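Reviewing the structure listed below.
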Amino acid sequence: MVAEQETRGMVRLIRFHGVEADLMRPAQRSWDTGGFFDFNVYVRDTNAMYRALQRAGWTAFGPPTDYQLGDFSIRQAVIRGPDGLIMVMLQAFGKVLVELPAFTAMSRTFNALQVVRDYDVARAFFVDQLGWSPLTERDIRDSEEPGRNMLGIPGNIARTVRRRVGIFHPDGGNDGSVRLLEMQELGGHDYSGRCVAPNLGLLCARYPVPDVAAWAATLRSRGSGSAPARPPTRHRAPAWPGPSGTICGEVLS
């Protein structure tokens, strides 16, 4: 599935037949770790899309939230759909975080979030092994979530809990990035061991590379410390196990 006028930022739907499957992150909360927590899209009207998805059976961690992020003014909602899928909808007022082709209702996806148990270990995977660069990194203390606390952290501790967050990308940008979030003090459940096929949820992030064989050799030379989740083929580099039960797969561009 891909947004109009787009050739990337796709969402790939897969169904496994003849096997038992459970949710990767059952009964999940925003501070639970393991796998991918969400993927991000822009929308024209967060409130309208929020109401439409609610009528279709989706729920949310909180109502649409208005907040200011530096020079950016945003209305955002974190919503939950079938099979444990979570999508973040962003409506920008003025300047946007990512330049995208014109769209009618919803853009392609441009970012995914991992809630991790150990930020330093996750960071080392993306920077030291994949060779990605950080766009931004913050250590947040004594600050609430913006607006009405869109992640649903209990209000009596939302200001005091420590959050380490960073955005990482192959070229240090935002379009196609992965965001890491650590909230160890909340002591969430770890679902890392469940984030495998055929269980239901966000399974894998895929990125293009110019040369499959060369990229596979580069990964091995950097010493991931674990075997690929899937061996390379002519058109696909290894699907490499990432932090907290995630999988990063590379494909030939």
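General observations
- Here PRO154 clears all of (1) under 22 Å from TRP31 (Cα atoms); (2) in a loop (DSSP other than H, G, I, E, B); (3) in contact with a Pro (Cβ under 9 Å, 6 or more places away or on another chain) except the condition numbered (3).
- Given (1) under 17 Å from ARG179 (Cβ atoms); (2) modelled with pLDDT of 95 or more, index of the condition ALA48 fails: (1)
The rows are residues; the columns are (1) assigned to a loop (DSSP other than H, G, I, E, B); (2) in contact (Cβ under 8 Å) with a residue 40 or more places away in the chain.
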{"residue": "ARG108", "(1), (2)": "yes, yes"}
{"residue": "PRO134", "(1), (2)": "no, no"}
{"residue": "ARG159", "(1), (2)": "yes, no"}
{"residue": "ILE167", "(1), (2)": "no, yes"}
{"residue": "GLY172", "(1), (2)": "yes, yes"}
{"residue": "ARG179", "(1), (2)": "no, yes"}
{"residue": "GLY193", "(1), (2)": "no, yes"}
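- Any hit, the stretch 14-34, residues being part of a strand (DSSP E or B) and under 19 Å from the mean Cα position of the chain (by Cα): yes
- Hits in the stretch 77-98 (condition: under 15 Å from the mean Cα position of the chain (by Cα) and part of a strand (DSSP E or B)): ALA77, VAL78, ILE79, ARG80, ILE86, MET87, VAL88, MET89, LEU90
- Residue within the stretch 200-208 that is surrounded by fewer than 17 Cβ atoms within 10 Å (Cβ to Cβ) and modelled with pLDDT of 80 or more present: yes
- Residues (buried (at least 18 other Cβ atoms within 10 Å of the Cβ) and assigned to a helix (DSSP H, G or I)) located in the stretch 116-128: TYR119, ALA122, ARG123, PHE125, PHE126
- Against the numbered list (1) surrounded by 14 or more Cβ atoms within 10 Å (Cβ to Cβ); (2) more than 13 Å from the chain's Cα centre (by Cα); (3) not β-branched (Val, Ile, Thr), GLU137 comes up short only at (1).
- Subset of the stretch 143-188 that is polar (S, T, N, Q) and surrounded by fewer than 15 Cβ atoms within 10 Å (Cβ to Cβ) - its residue that is modelled with the highest pLDDT: THR160
The values are calculated or read from the model by the stated rules, or taken from the named source; none is laboratory data. Small disclaimer: the values here were computed from a predicted structure and weren't measured. Here the Cβ is made from the backbone with ideal geometry for all residues, glycine too, and neighbour counts use every protein chain on show.
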